[in-house]
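Only the coordinates and a few stated rules stand behind these numbers; no lab work does. Remember, it's a predicted structure, so these values are computed and weren't measured experimentally. A quick note on method: Cβ atoms are made from the backbone with ideal geometry, for glycine too, and the neighbour counts reach across all protein chains shown.
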Amino acid sequence: MFIRSGVLVIISRPDKTTRYTFFKTLRFRILLIIVVMGILPTILVSTMVLTGYERRAIEDRSETARTHGRVICSGLLRSDYLKGGQDEEIEAEVRAVADLYGGRARILNESACVIRDSYNIEVGHFIFTPEVEDCLKGNEKDVYNRNDSRVSIYLSVLPENSDSAAGCVVISFSTLDIIHGKALLTRQYAVLTALIAVVILVAGYVLSGRLVEPFRKLTQAINTSSSYQDKPLFAPEYVETDQIAVAFNHMLSQVKTVDDSREEFVSNVSHELKTPLASMKVLADSLNSNPDATLEMYQEFMKDISEEIDRENVIISDLMELVKLDGNSEELKIESCDIRGLLELVVKRLQPIAEQSGVDLRLECFRPVTAEIDETKIILSISNLVENAIKYGKPGEGWVQISLNADKSFCYISVADNGIGMSEDVKAHIFERFYRGDKSHSSDIKGTGLGLSIARSGIAAHKGAISVESKPGEGTTFSVRFPLVYVA
Ligand code: ATP
Ligand code: MG
């Protein structure tokens, strides 16, 4: 139930605890990308077109004005206009400039005095601006004054083979119509951009919704899947959703495996604990229902009841040991320990049982080994292996060989016997709790099937490993390995 409810907690969490804002959703990110990718180019293009339009229009107009200015300049060089003379061609050009978008032509002599102004307002005035001074030195330039929207072109009247100008022609024209045209275009582009933005926004909203739809469906499927019995999730729309579904199915199957093994463990525990109780009940009932029961009968039955209580005790203490080992490694009392001494202690303790079973118990140490371990746990693990080797040995001709070795990092202990061995089928299950091998021998040889689980948990608590090799009728070898330095 706990694990099941654990799964439910994970699945239902988004509904109960997480508060989503639209800005954090994948849909919003996609929408943002679509909008940026769609609108930004429109804005960029319109900006480029508008600035390009203004620049090109002014350049075109300047070119026309410059052409007129050049004609006036060459007329001035050819005639004595600057010295008070008249020239019809120059006058025609000045009029042509005047027709040009608020155009104005001014002719200045070498003293910067205006001798001709198409506006007729500055004739006789001197103009001492830097541009005029530069122009009289032969440096022509164009000046765009944005404040009064006018372009002025300064052209030097430069006689051949001379550095200083004989005069200066200033052609200016208005750019107001270009600026108005640009403003109109800008407004049109703004309306167009706004329209495009609305279309992109609506299309993006719909499209992003479609794109994230498989993820929404997957979440819904996960939220509504209530138990392991549900069909596996299937979301092939995208590789990503498929991977999530596969990962979820995998996780669910792992949880199911854990749950199954836990259920099996609980039922095994109940069964194992009930068996001695059932025997005690039968023994006690038969005494109660027999009024003629003799004292000997009572003594014999009570002895059986006591044995069953002992058995129950062994099971319970084994289980307690397992629970402790499976708990956490904080309970380990890690100390530096001489492993050879530890194995000698195991041999000494089990020697009487070995002798009783007619099994020869040998210890072989290749080198002295010191390791950081919880002594009690390792003794318990190794004792379980040696006990098994004796228990499942060949009485009279059996031997058990315990070997100790080490390298720089690990300690290696093996427990080998020439006992009854085990089949591949049995071998596959021996580390499972309450598992006992061949039923034929397991009824003769007493045990609960917890010994190897305890041994394995003890070794695993030290980040070690245990493996087994066995052949039926030939013998079994358990190999244990754990690090010399304790790994927390
Ligand atoms: P206990 O909990 O009292 O140790 P057990 O010995 O039956 O009971 P385990 O030690 O977990 O339980 O062993 C599980 C099974 O593995 C045994 O029932 C036996 O069939 C098999 N087994 C273990 N060690 C050996 C061995 N050295 N030779 C042959 N079979 C073995
Ligand atoms: Mg055992």
As a Kirkwood estimate from alpha-carbon pairs, the range 113-163 has a hydrodynamic radius in angstrom of 12.4 Å
About its Cα centre, the chain carries a charge dipole, from +1 on Lys and Arg Cβ atoms and -1 on Asp and Glu Cβ atoms, whose size in debye to the nearest 20 is 1100 debye
If N is the residue count of the range 118-240, its Cα Rg over 2.2 N^0.38 Å rounds to 2.55
Diffing the range 302-314: the Karplus 3J(HN,Hα) column from phi (6.51, -1.76, 1.60, θ = phi - 60°), in whole Hz with x for Gly and Pro, holds 5, 5, 5, 4, 4, 5, 5, 5, 4, 4, 4, 4, 4
Amide H neighbours of residue 157 at under 5 Å, excluding residues fewer than 5 places away on the same chain, with H built from the backbone geometry, are 166, 167, 168, 169
Across the range 329-483, qualifying lysine pairs (alpha carbons under 20 Å, at least 8 places apart or different chains) come out at 18
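How big, on average over all directions, is the shadow cast by the Cα convex hull of the range 329-483, in nm²?
Orientation-averaged projected area of the Cα hull: 8.7 nm².
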Rounded to whole angstroms and listed largest first, the alpha-carbon spread of the range 240-303 along its three principal axes comes to 79, 18, 6
Nearest 10, in degrees from 0 to 90: the angle of helix 239-288 to the longest Cα principal axis of the chain is 20 degrees
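Within the range 312-418, report the GluC sites (Glu not before Pro) that DSSP leaves as loop and that have at most 16 other Cβ atoms within 10 Å.
Passing sites in the range 312-418 are 397.
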Exposure proxy check on 471, 408: fewest-to-most Cβ neighbours within 10 Å is 408, 471
Mean projected area (nm²) from the convex hull of Cα positions in the range 1-226 is 20.3 nm²
Taking Cα atoms only, helix 375-391 is inclined relative to the longest principal axis of the chain by an angle, in degrees rounded to 10, of 50 degrees
Among 225, 169, 487, the residue whose Cα sits farthest towards the positive end of the charge dipole of the chain (+1 at Cβ of Lys and Arg, -1 at Cβ of Asp and Glu, taken about the Cα centre) is 169
Cα pairs beyond 11 Å in the range 152-197, in percent, come to 74 percent
In Å, the Kirkwood hydrodynamic radius from C-alpha pairs for the chain sits at 33.7 Å
Karplus ³J(HN,Hα) for the range 146-153 (6.51 cos²θ - 1.76 cosθ + 1.60, θ = phi - 60°; Hz, whole; x = Gly/Pro) runs 5, 5, 9, 6, 9, 10, 10, 10
Given unit charges at Cβ for Lys, Arg (+) and Asp, Glu (-), the dipole magnitude of the range 212-354 about its Cα centre in debye, nearest 20, is 320 debye
